[in-house]
Amino acid sequence: MTHCALTLARMTAARPIRFFHRGAIRSVSGLQPTTTVLQYLREQAHQCGTKEGCAEGDCGACTVMVGELAADGQAVALRNVNACIQFLPMLDGKALLTVEDLGSSRDLNPVQQALVSCHASQCGFCTPGFAMTLQTLYERHQDDGTRPSRQQLADDLSGNLCRCTGYRPLLDAGERMFDLPVRRLDRAPLVQALQTLAADAPLTYESPARDGGAQRVHAPQSIQSLAALYEAQPKARLVAGATDVGLWVNKQHRDLGEVILLGRVAALNQISRDNGLLRIGAGVALEDAWAALVAEVPELRELWLRFASPPVRHAGTLGGNIANGSPIGDGAPALMALDAEVVLRRGERQRRMPLASFYLDYMKNAMEAGEFLEALEVPLASPTTARRLRAYKISKRYDSDISALCAVLSVRVDQGRVEQARLVFGGMAAIVKRAAAAEAAMLGQPWTETTVAAAAQALSQDFQPLTDLRASADYRLRVAANLLRRFWLETRDDAPLAPQAVSVWRLGAHASPARPTPNTPGVQP
């Protein structure tokens, strides 16, 4: 038997989905693979504290906490995610915590007591989601011994919406919970259960399909198994965080067919710095991937903060964002401006190409059948590189909104002249792409207002944007030109603000970056 056939044979032995919930390891079978965690909780586990609001990962009413075994195998990492767009098989090998795992009505824990004391609940529908997000950040800050600022609390709560109470008492509760006697979740049972689950064979889950056949989900744990499986089944659907695919099922009622989950492939979840490259595995969560990027390029901080919400960034992946190829995705403009390359794999073969060449047309890319995105590689700039870079996102809402236009602009100026230009726009065409004519208008020219005006004029040669619900074509072209001028104003040699002053936010090891201006409802300047 060949290695490929042997690998596939080992993965075809179906078993139940196994995860830790409510004090015990649960084994689930017989449910559709696209059953969401929210549906399981309410309909099978009869744990109805978790609510359904939007069913698309926007409102946060369904927020739960998911625990995974840390790299050392002795601790548990906890993150809040949206249960409405997480498929149940994605819980395999993990721990699920819900509002029922907090204190009881007779014995409130600090989060619950703070919500009561600060009158932070009115109709109560959104309250369980707020409680779980607050519990997650409470645990995180108890871990690192820090206390979040009010703005950091607002940033952490940006994925939870409240229609009636308003945000001031919720932020009050976030501050108050740290004043109460410390009472943390008992992690010992979680660690023990996760260590037990880690010994399970890779998941292959099978259930009856509506057409009388069978639906299968595979969750390989090695890059070799994934490559062999996908090469043999190139029509299977690859799913990482399901933050987009979950909506295909919830809103479009699409049949995903055979599914391959990427979350357990260790090699896809690694970040490394070597030989002048930052390598981000395709399965690295958005939160961790953006943290790594911002550590190298601080000018990307605000774009990180405004990329979806924390629960979405905890579940979704940067590789998924790039492979999905949405023309309004915010990851591609940043990476393209940094001259990133994609690492593609099919079976044992690996190849690289510039991200700028990866997208061919609307939602079409250069990957072959059976080929998948393995990693993203970003060249690390030398400390002496005179790169000037800014990232701008234009949207109707500040937090958790889709871009009408995203621009990441970078130039390298030597002796007053532009020797390199990377002007990348999302939302201006069927794909994210560089503005070639605008770049050409800059190259070799002095870094002056006249040069920038010529580049702005050339944008009409690069883009013929669409008019849609987010913005008109004229608006997009005008804003793109205005952003070029703003870029020059912020980075010219006699700029009114030094480059360091444009991004003045501080970032703790595990803290959300604070935004420069308080735009969350209920937060006063």
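Derivation of every value follows stated rules applied to the coordinates shown; laboratory data play no part. Keep in mind that what you see is a predicted model, and the values were worked out from it rather than measured. All Cβ positions, glycine included, derive from the backbone under ideal geometry; neighbour counts span all protein chains shown.
Highest first, please rank the peptides 334-341, 196-203 by the mean number of other Cβ atoms sitting within 10 Å of their residues.
On the way: 334-341: 23.8, 196-203: 14.6.
Per-residue mean Cβ counts within 10 Å order the peptides as 334-341, 196-203.
Please give the helix 188-197 orientation as an angle from the longest Cα principal axis of the chain, in degrees from 0 to 90, rounded to the nearest 10.
90 degrees
Using the Karplus equation 6.51 cos²θ - 1.76 cosθ + 1.60 (θ = phi - 60°), what ³J(HN,Hα) coupling, rounded to whole Hz, does each residue of segment 389-403 give in order, writing x for Gly and Pro?
9, 9, 10, 10, 10, 10, 8, 5, 10, 6, 9, 6, 10, 6, 6
Using the Cα centre of segment 58-148 as origin and beta-carbon charges of +1 (Lys, Arg) and -1 (Asp, Glu), tell me which of V66, Y138, S117 is placed farthest towards the positive end of the dipole.
S117
In nm, what is the difference between 0.36 nm times the number of residues separating Q122 and T450 and their Cα-Cα distance?
Values: separation 328, 0.36 × 328 = 118.08 nm, distance 5.61 nm.
Here the answer is 112.5 nm.
Could you order peptides 256-266, 31-41, 361-371, 228-238 by the average number of other Cβ atoms within 10 Å of their residues, highest first? Show your work: numbers first, answer last.
Numbers: 256-266: 19.9, 31-41: 21.9, 361-371: 13.9, 228-238: 17.4.
Taking the mean over residues of other Cβ atoms within 10 Å, the ranking is 31-41, 256-266, 228-238, 361-371.
Once the cut-off is 16 Å, how many percent of the Cα-Cα pairs in segment 28-147 end up in the long-distance tail?
Working: 4505 of 7140 pairs.
More than 16 Å apart: 63 percent of the Cα pairs in segment 28-147.
Among S326, S117, S403, S382, rank each residue by its count of other Cβ atoms within 10 Å, from fewest to most, as a rough exposure measure. Display every interim value, and only then the final one.
Values: S326 19, S117 16, S403 24, S382 9.
The most exposed by this proxy come first: S382, S117, S326, S403.
Quick one: which residues, 5+ away or cross-chain, put their amide H under 5 Å from the amide H of E374? H built at 1.01 Å from N.
V343, L344, R345
Using alpha-carbon positions, what is the distance between the centroids of segment 419-479 and segment 173-188, in Å?
So the two Cα centres are separated by 49 Å.
Roughly what % of DSSP beta bridges within the chain run antiparallel, to the nearest 5? Walk me through the numbers before you get to the answer.
Working: 66 of 73 bridges.
Roughly 90 percent of the beta bridges in the chain run antiparallel, per DSSP.
Quick one: Cα convex hull volume of segment 270-493, Å³ per residue?
Details: hull volume 27.0 nm³, N = 224.
Value for segment 270-493: 120 Å³ per residue.
Per-residue counts of other Cβ atoms within 10 Å, averaged by peptide: what ranking do you get for 428-441, 14-27, 54-67, highest first? Don't skip to the end; give the middle numbers.
Details: 428-441: 20.6, 14-27: 16.6, 54-67: 24.2.
Packing order, densest peptide first, comes out as 54-67, 428-441, 14-27.
Can you tell me which lysines have their Cα less than 18 Å from the Cα of K51? Leave out same-chain residues fewer than eight positions away.
K251
Please work out how much length the chain gains when fully extended from R492 to T385, using 0.36 nm per residue of separation minus the C-alpha to C-alpha distance, in nm with one decimal.
Values: separation 107, 0.36 × 107 = 38.52 nm, distance 1.59 nm.
Extra length from R492 to T385 when fully extended: 36.9 nm.
Go through M442, P354, S272 and say which Cα lies farthest out towards the positive end of the charge dipole of the chain; charges sit on Cβ, +1 for Lys and Arg, -1 for Asp and Glu.
Comparing the listed Cα positions along the dipole, M442 ranks first.
Expressed in nm to one decimal, what extension gain is obtained for the pair A267 and D401 from 0.36 nm per residue of sequence separation less their Cα-Cα distance? Can you show the working numbers first?
On the way: separation 134, 0.36 × 134 = 48.24 nm, distance 3.10 nm.
Going from the current span to full extension adds 45.1 nm.
I need the calculated FRET efficiency for the pair Q195 and R168, taking r as the beta carbon distance and R₀ as 45 Å, to the nearest 0.05.
On the way: r = 42 Å, r/R0 = 0.94.
That pair, Q195 with R168, gives E of 0.60.
Got a sec? How would H119, H253, H314, H141 order by Cβ neighbour count within 10 Å, fewest to most? Write down the numbers at each step before the final one.
Working: H119 13, H253 8, H314 23, H141 20.
Ordered from fewest to most neighbouring Cβ atoms within 10 Å, H119, H253, H314, H141 come out as H253, H119, H141, H314.
Can you work out the FRET efficiency for the pair D143 and L180, with r the C-beta to C-beta distance and R0 = 25 Å, to the nearest 0.05? Walk me through the numbers on the way to the answer.
Numbers: r = 17 Å, r/R0 = 0.69.
Efficiency, from the Cβ-Cβ distance: 0.90.
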